Amino acid sequence: MKMLTIYKRELKSYFLSPLAYVLVGFLLLISGYFFATFVLSTQYALMSPVFGNMVFVFMFVSPILTMRLISEEMKNGTDQLLMTSPLRITDMVLGKYFAALTVYTLSLVISLIYPLYLKIYSTPDFGPILTGYIGTFLMGAAFIAIGIFASSLTENQLIAGVIGFSILLLFWIVSWLGDVFQGTAKNIVDNISLLQRFTNFQNGVLSLNDVVFYLSVIIFFVFVTIMVVDKRRWS
C-alpha cells in the first residue's frame, strides 16, 4: 500500500507538469513519422523498423523521464523525511519506477493505432508486431531501471541524466564490438548487448532467454538503486 502511495504521488507529479505530455507526445510524433515514412511509402505491412527507431529515440528520452526521480528528493532534502519514515526504501524505489514505467507504457498503448491502421487497410502478420511490442516494452523498462539508478547517484538532475544516458549508450554500442571479437569474447559481447537481444523481438522471435535477460537487467538496476539509497539512509 505504501508503494502505491508513492506511485500515485509520482504519477500525479508527472501529469501535473508538462513533462509527461511532452515526452509522450514527442515519442508518438517520432514513431508516427517513422510509421508514415516506412509503412506508407513502401506499402509493406511491417513495423519492425518502427520498433527499432522507437527504442533508439527512447534511449535519448528516458534519462529526461527518470533523472529527477530520486535526485530531486535529495536536492530538496525530502529524501531525509522519506528515509526517517516507516516507509521502506524498496516501496519508495518501486513506486517511483512503476510511475515512470506507466508514462512510457501510455505512449506504447496509444501507438497501437498503427497496427490497427494496418489491420484496416492490409493483412499484417501480427506475430512480429506482438513480439515487437513486447521487446519495445522490455527494452524501455530496462532503460528506466538504468535511469532511476543514475538518479540515485547524485542530487544534480542534469548529471543524473548524463550518467543514465552514458550507461545506456555503453550498453548500446557494446554490440558493435561483436564484429571485432571472435569466439567466446564475441558470445559474451552479444549476450550483454541490449540491441542484439532486441533484434530477435523485431524479427518475430520470442525467446525465453531474451525475456529473462531484460528482466535480469531491470531487477539488477532496481536492486542496486535500493542498495544505494539504503546505504545513504544509514550513513
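The values are calculated or read from the model by the stated rules, or taken from the named source; none is laboratory data. No experiment lies behind these values; they were computed from the predicted model shown. Neighbour counts are summed over all protein chains in view; Cβ atoms, including those assigned to glycine, are modelled from backbone coordinates with ideal geometry. Ligands, DNA and RNA are stripped out before the accessible areas are found, and what is left, the full protein with its side chains, is counted by its heavy atoms. Shrake-Rupley method; radii C 1.70, N 1.55, O 1.52, S 1.80 Å.
Here are some notes:
- Residue count for the stretch 216-234 satisfying the condition of being open to solvent by 80 Å² or more (accessible area, probe 1.4 Å) and either among the hydrophobic types (A, V, I, L, M, F, W, C) or in contact (Cβ under 8 Å) with a residue 12 or more places away in the chain (or both): 5.
- On inspection, MET3 passes the criterion of being open to solvent by 10 Å² or more (accessible area, probe 1.4 Å), more than 30 Å from PHE126 (Cβ to Cβ) and out of contact with any His (no Cβ under 8 Å at 6 or more places or on another chain).
- Filtered residue count, the stretch 149-167, keeping only those that are in a helix (DSSP H, G or I), open to solvent by 50 Å² or more (accessible area, probe 1.4 Å) and within 14 Å of VAL228 (Cβ to Cβ): 1
- Here LEU108 fits the description: at pLDDT 90 or above and in contact with a Phe, Trp or Tyr (Cβ under 8 Å, 6 or more places away or on another chain).
- Selection status of SER152, without any contact (Cβ under 8 Å) to a residue 40 or more places away in the chain, of a type in the set (Gly, Ala, Ser) and over 30 Å from ALA36 (Cα atoms): no
- Of the listed requirements (1) under 21 Å from LYS8 (Cβ atoms); (2) among the hydrophobic types (A, V, I, L, M, F, W, C); (3) open to solvent by less than 40 Å² (accessible area, probe 1.4 Å), VAL50 misses just one: (1).
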